[in-house]
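Written out below as structure tokens is the structure these notes cover.
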Amino acid sequence: METVLQQVINGLSLGSVYALIAVGYSLVYSILLFSNFAHGGFLVIGGYICYFILRSIGGGIWIASLAALMGAGFCAVLTEKLAYKPIRERTNVTLYLLIASMGMSIVIENIFVIIAGGRFRALPPVIPTQPVSLFGIATTSMFDILSLVTAVVFLSGLQIFLTRTKWGLAIRAAAYDLRVAGLMGVNVNRLISIVFFTAGLLAAVGGIFLSVRYTLYPQLGLITIKAFIAAVIGGLGSLPGAVVGSLILGLAEMLTAGFISSQMRDLVVFLLLVITLLIRPTGLFGKDVKEKV
Amino acid sequence: MTPILEVSGVNKFFGGVHAVVDMDFVLEKGMLAGLIGPNGAGKTTVFNLITGIYPLETGHITFKGEDISSLKSYEVIGRGIARTFQNLRLFQRSSALENVMTACQQHHHYSFLEAVTHLGRWKKTETDIRLRSMELLDRVGLADRADQAAGTLPYGYQRRLEIARALALEPELLLLDEPAAGMNPEEVLELNELIKEIHSDFKLTILVIEHHMELVMEICPHVICMNFGAKIAEGNPETIQNHPEVLRAYLGEEVPEA
Amino acid sequence: MFGGYTEGIIILLCINSIAAMGVSLLTGFTGIFTLGHAGYMALGAYVSSLLIMKAGMPWLAGIFLGGTGAMLVAWLVGIPTLKLMGDYYAIASIGLGEAIRLILENWQSVTRGARGVPGIPPYTTLPVALAFFLVMAFAMFCLINSRYGRAFKACRDDYLAASLLGFNTAKLRVLSLAISGFYCGVAGALLAGFLSFIQPIMFDMIKSTELTSVVVFGGLGSMSGTLIGTGIITLVTELFRPISQYRMLIYGAVIVIIMIFRPEGIMGQKELGKTFFRDLTRRLKPADKRHGGGVKR
């Protein structure tokens with residue numbers, strides 16, 4: 001019983017980090033209708049900025065993470081302006097955006113291979129990881145609790161941004177129809193920049209926690225596949241779906257690792273994806289798009 | 001006369017919208033019938049139900065005595081029904097000829113092995129498909145446009161190309177969804193002629209959706225009128241034109257275009 | 001005839017082309033975007049090398065069974081998953097490809113897991129690779145110029161219109177995946193015989209991405225474009241080997257630049273052939289175009 005509870009908490013913690021990444025990815029999907037494979041790159045950028053500030057400049061975790069969040073946000077905007085904007089202005093074939101994003105993901109990954117080298121780097125112990133006893137019924141780590149809390153804070157922040165602000169409203173309108181939102185006088189380019197900034201920022205939060213959990217290396221971005229899968233399980237373009245999908249995925253991974261075998265966890269994730277899609281081809285919360293004939 | 005298509009007691013809901021209400025009608029073999037009604041009356045939905053795009057909620061659709069209600073689209077087409085689309089669905093980047101050939105090949109077979117080796121029946125069959133497709137393009141007046149990409153053809157030609165492509169399926173029942181949409185009056189006259197010609201030359205049964213009442217009245221001896229998903233009148237053009245429900249549907253909703 | 005190095009590059013070109021043709025059929029001609037086809041290469045590689053080494057099968061039979069094994073898995077996996085459309089299938093295909101790799105990695109007793117299989121007999125010589133490439137390229141070009149080619153393209157261009165022209169689109173999509181699985185499986189089997197050593201990590205998502213980007217680079221819907229694209233990418237990759245650090249960076253940047261300036265790829269949807277050269281000469285002489293392409297009313 002104890003271990004079950006422990007694994008559930010660990011699963012929720014991992015799932016909440018996935019959620020931070022999946023929500024940004026899904027947000028971009030809801031506006032531009034393509035899978036941004038460079039999303040993992042934003043996470044890596046965040047991780048490395050945080051690492052460099054902590055190591056070389058010696059700033060505190062607050063300064064380092066603020067810089068990481070802003071830096072990743074700006075890089076996301078830059079990626080959009082450099083790679084996606086010229087494409088989306090020329091054509092409405094989302095496939096081209098998807099392939100360009102694959103290219104950008106390779107570019108970002110290898111920029112870090114060149115400037116930072118391929119080795120694994122451990123972040124200085126800025127996030128406490130000591131074990132914590134939960135009312136005496138289970139033990140978990142401070143790190144798991146902190147990542148869960150941080151994720152909740154950021155996701156609530158996103159929720160407030162999307163429901164209470166002018167730009168949030170515009171983003172939700174654009175998720176229904178970007179073109180119409182443009183016709184209604186929304187500055188589409190600025191809106192897309194804001195969306196990418198938000199997505200990059202959230203990815204960086206996830207990136208910092210993931211680099212503490214697994215150490216930092218240029219290919220860390222590949223872990224976003226899990227977040228993509230979570231977003232797809234939840235239904236592409238649906239933010240609540242992305243969160244629910246991420247939590248399911250985190251739980252499935254941790255429970256598999258705890259009770260079956262650690263090697264099986266990725267396999268279980270992929271199986272979960274395939275099974276969900278077979279039962280609900282557009283994910284749990286996905287819009288069932290019927291083509292108009 | 002033998003019935004070729006029987007639609008009986010068909011209902012369709014989209015969420016809370018009752019899109020087709022207790023639809024009943026029968027098409028006799030060789031008929032040239034019109035399906036009219038104001039915008040949003042559910043005409044295209046009836047076509048979609050016949051061609052298996054949506055499942056029926058209740059009722060039956062029978063084609064040549066066989067219940068086709070639960071068949072998939074490609075199975076319905078295989079039974080001898082073909083259709084065109086209100087908002088054209090040509091293969092835009094393929095040539096006009098290739099569009100027709102894609103449909104035409106359904107009646108000209110060769111095996112997978114012959115396809116990957118280009119041996120056996122491949123050569124003769126491909127020649128047959130090409131010749132037959134050219135004939136059909138010629139029939140709708142597009143022979144000199146055979147190599148042009150379908151998407152670059154003028155709008156009226158694209159509509160004709162869709163008809164040629166449907167004819168290539170060698171159907172017994174042809175469903176035309178607003179074939180005159182977006183055409184100028186001159187083109188509409190030509191189209192009417194074309195529809196009448198293919199009706200008699202190919203010994204087809206045709207059901208044509210039209211939005212403009214006058215056009216249907218001119219070419220269709222039999223007319224079905226729908227409003228709000230339900231059939232409100234059926235009969236020859238005179239009966240329809242003087243039917244109070246039809247007048248109300250049209251004059252109450254919108255003024256018919258002159 | 002050639003030096004060992006040149007020979008190696010030609011063999012690699014043949015292998016890469018076979019795999020790329022498989023992906024091209026699926027992605028370029030049937031419109032199904034895949035990011036997991038390295039998995040089918042892995043299956044081909046493992047099935048053939050294990051059959052040859054453990055069951056003592058002749059290598060030719062091993063290659064065929066490797067291809068067939070990949071085809072069977074593709075077919076079985078395709079029936080349920082190809083109901084998914086667009087990005088949903090793309091993401092699912094990552095899952096499928098990775099699942100194949102993870103199974104190979106974890107099935108230690110048969111596959112030796114992550115350590116890989118060493119000592120595979122080097123059956124992929126230059127004549128073997130060339131023969132396989134020529135036969136499979138011939139069959140592929142025949143296929144796309146047949147009723148099947150038109151049917152696949154119909155599914156790609158308008159799924160709904162295709163089914164209303166009487167095509168069983170679900171079946172066609174699975175058929176396309178099975179054929180592409182066969183091509184990738186054979187390519188994997190040949191790769192195993194070329195390198196004499198295989199490891200699950202060789203067939204990861206990066207390899208899958210590479211397969212798909214080569215096809216995009218050549219032009220979606222052009223088989224000759226796929227071959228040209230494979231040729232260029234394979235040679236450029238070799239050229240950049242001395243500065244391998246920057247190789248992947250340049251590779252990624254090239255993909256982005258192509259998408260910005262020429263998203264239809266090198267060849268667009270055109271094939272090298274009579275019409276291509278006719279169009280080319282026509283384009284070089286603008287005066288002719290005005291005559292030939294004039295609008296008749």
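The values are calculated or read from the model by the stated rules, or taken from the named source; none is laboratory data. Predicted model only: the values in this text are computed from it and were never measured. FYI the Cβ positions are ideal-geometry reconstructions off the backbone, even for glycines, and counts take in every protein chain you see. In case anyone asks, the SASA skips ligands and DNA or RNA and just uses the protein heavy atoms, side chains included. Shrake-Rupley method; radii C 1.70, N 1.55, O 1.52, S 1.80 Å.
Counting pairwise Cα distances across the range A:183-224, what percent come out greater than 11 angstrom?
Values: 601 of 861 pairs.
Looking at the range A:183-224, the distances longer than 11 Å represent 70 percent of pairs.
Give me a comma-separated list of calculated 3J(HN,Hα) values for the range C:156-165, in order, Karplus coefficients 6.51, -1.76, 1.60 applied at θ = phi - 60°, integers in Hz, x for any Gly or Pro.
Those phi angles translate into 5, 6, 7, 4, 6, 4, 4, 5, 8, 9 Hz.
Taking all pairs of different Cα atoms in the range B:95-208, averaging 1/r and flipping that mean, what Kirkwood radius in angstroms comes out?
Numbers: mean 1/r = 0.0671 Å⁻¹.
Result for the range B:95-208 stands at 14.9 Å.
Take the cross-link list B:Lys72/C:Lys171; B:Lys123/C:Lys171; C:Lys153/C:Lys207 and give me the ones stretching past 21 Å between alpha-carbons. Can you show the working numbers first?
Values: B:Lys72/C:Lys171 13 Å; B:Lys123/C:Lys171 25 Å; C:Lys153/C:Lys207 26 Å.
From B:Lys72/C:Lys171; B:Lys123/C:Lys171; C:Lys153/C:Lys207, over 21 Å: B:Lys123/C:Lys171; C:Lys153/C:Lys207.
Rounded to the nearest 20 debye, what is the charge dipole size of the range C:4-203 about its Cα centre when +1 sits on each Lys and Arg Cβ and -1 on each Asp and Glu Cβ? Working shown, then result.
Numbers: 11 positive and 6 negative charges, 64 e Å.
Result for the range C:4-203 is approximately 300 debye, rounded to the nearest 20.
At q = 0.28 Å⁻¹, what log₁₀ I(q)/I(0) does the range C:2-68 have when each alpha carbon counts as one equal point scatterer in the Debye sum?
-1.08
Can you list residues from other chains, or at least 5 along the same chain, whose modelled amide H is less than 5 Å from the amide H of B:Gly34?
Sorted by chain and number, the residues that satisfy this are B:Val208, B:His222, B:Val223, B:Ile224.
HN-Hα J couplings of the range A:235-252 from phi, Karplus 6.51/-1.76/1.60, θ = phi - 60°, integer Hz, Gly and Pro as x?
Rounded to whole hertz, the list is x, 4, x, 9, 6, x, x, 4, 5, 4, x, 5, 5, 4, 5, x, 4, 4.
Could you pull out which residues in the range C:13-31 have an amide N less than 15 Å from a spot 7 Å beyond the Cα of C:Val135, following the Cα-Cβ vector?
The answer is C:15, C:18.
If you fit an axis through the alpha-carbon atoms of helix A:2-32 and take the longest principal axis of the Cα set of chain A, what angle between them do you get, 0 to 90°, nearest 10?
The answer is roughly 20 degrees.
Based on the Kirkwood radius over alpha-carbon pairs, what value in µm²/s does the Stokes-Einstein equation return for the translational diffusion coefficient of the range C:1-41 at 20 °C and 1.002 mPa s?
On the way: Rh = 11.5 Å.
Rounded to a whole number, D works out at 186 µm²/s.
Can you run phi through the Karplus equation (6.51, -1.76, 1.60; θ = phi - 60°) for the range A:264-273 and list ³J(HN,Hα) in whole Hz, with x for Gly and Pro?
7, 4, 5, 4, 4, 4, 5, 4, 4, 4
Compute the semi-axes of the equivalent ellipsoid of the range A:163-293, taking the square root of 5 times each eigenvalue of the Cα gyration tensor, and list them largest first in whole Å.
Working: eigenvalues 197, 87, 23 Å².
So the equivalent ellipsoid measures 31, 21, 11 Å along its semi-axes.
Run the 1.4 Å probe and let me know the accessible area of A:Arg121, rounded to the nearest 10 Å².
Ignoring ligands and nucleic acids, A:Arg121 comes out at about 30 Å².
Regarding the range C:4-203, what's the average projected area of the Cα-atom convex hull, expressed in nm²?
Details: hull surface 43.5 nm².
The number I arrive at for the range C:4-203 is 10.9 nm².
Give the separation of the Cα centroids, the range C:81-118 to the range A:91-116, in Å.
23
How long are the three semi-axes of the equivalent ellipsoid for the range C:68-151, computed from the Cα gyration tensor as the root of 5 times each eigenvalue, in whole Å, largest first?
Numbers: eigenvalues 154, 130, 18 Å².
Whole-Å semi-axes of the equivalent ellipsoid: 28, 26, 9.
Amide H of B:Asn227 versus every other amide H placed in the peptide plane: which residues, excluding those fewer than 5 positions away on the same chain, fall under 5 Å?
For B:Asn227, whose amide H was placed from the backbone, the distant partners under 5 Å are B:Ile232.
Averaged over B:73-79, how many beta carbons belonging to a partner chain fall within 10 Å of each residue's beta carbon? Could you put the intermediate results ahead of the total?
Working: counts 9, 11, 3, 3, 5, 3, 1.
Shielding by partners across B:73-79 averages 5.
Set Lys and Arg Cβ to +1 and Asp and Glu Cβ to -1, take the dipole of the protein assembly as shown about its Cα centre, and tell me which of A:Gly286, A:Gly47, A:Val17 lies farthest positive.
Selected residue: A:Gly47.
Evaluate E = 1/(1 + (r/R0)^6) for A:Tyr176 and C:Met53, where r is the Cβ-Cβ distance and R0 equals 60 Å; express this FRET efficiency to the nearest 0.05. Present the calculation step by step, with values, prior to reporting the outcome.
Working: r = 58 Å, r/R0 = 0.96.
The calculated FRET efficiency here is 0.55.
For chain A, take the longest principal axis of its alpha carbons; what is the angle in degrees between that and the long axis of helix A:188-214, to the nearest 10 within 0 to 90?
Roughly 20 degrees between the two axes.
If ligands, DNA and RNA are left out, what is the accessible area of B:Glu57 with a 1.4 Å probe, given in Å² to the nearest 10?
Estimated to the nearest 10 Å², B:Glu57 gives 90 Å².
Per DSSP H run of at least 4 residues, take -39500 (n - 2.57); add these up for chain A, divide by its residues and hand me the 222 nm value, nearest 500 deg cm²/dmol.
Values: 12 runs with 207 residues, N = 293.
Calculated mean residue ellipticity at 222 nm is -23500 deg cm²/dmol.
With all pairs of different alpha carbon atoms counted, what Kirkwood hydrodynamic radius in Å does chain A show? The partial results should precede the final answer.
On the way: mean 1/r = 0.0514 Å⁻¹.
Across chain A, the inverse of the average 1/r is 19.4 Å.
Extending each Cα 7 Å along its Cβ direction at A:Ser56 and A:Thr215, get the distance between those two points in nm, one decimal.
2.1
Which aspartates and glutamates does C:Lys270 reach when only Cα atoms under 17 Å apart count, and residues fewer than 8 places away in its own chain are ignored?
B:Glu98, B:Asp147, C:Asp157, C:Asp279
Mind checking the log10 I(q)/I(0) for the protein assembly as shown at q = 0.06, 0.08 Å⁻¹? Debye, one equal scatterer per Cα, no solvent, two decimals.
Here the Debye-derived log intensity ratios amount to -0.47, -0.81.
Size of chain B along its principal axes in angstrom, Cα-based, largest extent first?
Sorted from largest, the Cα extents of chain B read 63, 41, 38 Å.
I'd like the accessible area for B:Arg248: 1.4 Å probe, protein heavy atoms, all chains in place, Å² to the nearest 10.
150
Collect residues whose amide H, placed 1.01 Å from N in the peptide plane, falls under 5 Å from the amide H of C:Leu272; neighbours closer than 5 in sequence don't count.
C:Ser224, C:Gly225
Could you tell me the calculated FRET efficiency between B:Phe112 and B:Gln92, based on Cβ-Cβ distance and R0 = 35 angstrom, to the nearest 0.05? The partial results should precede the final answer.
Details: r = 28 Å, r/R0 = 0.80.
Once the sixth-power term is evaluated, E becomes 0.80.
What is the distance, in nm, between label points placed 7 Å from the Cα along the Cα-to-Cβ direction at B:Asn184 and at C:Trp75?
5.6
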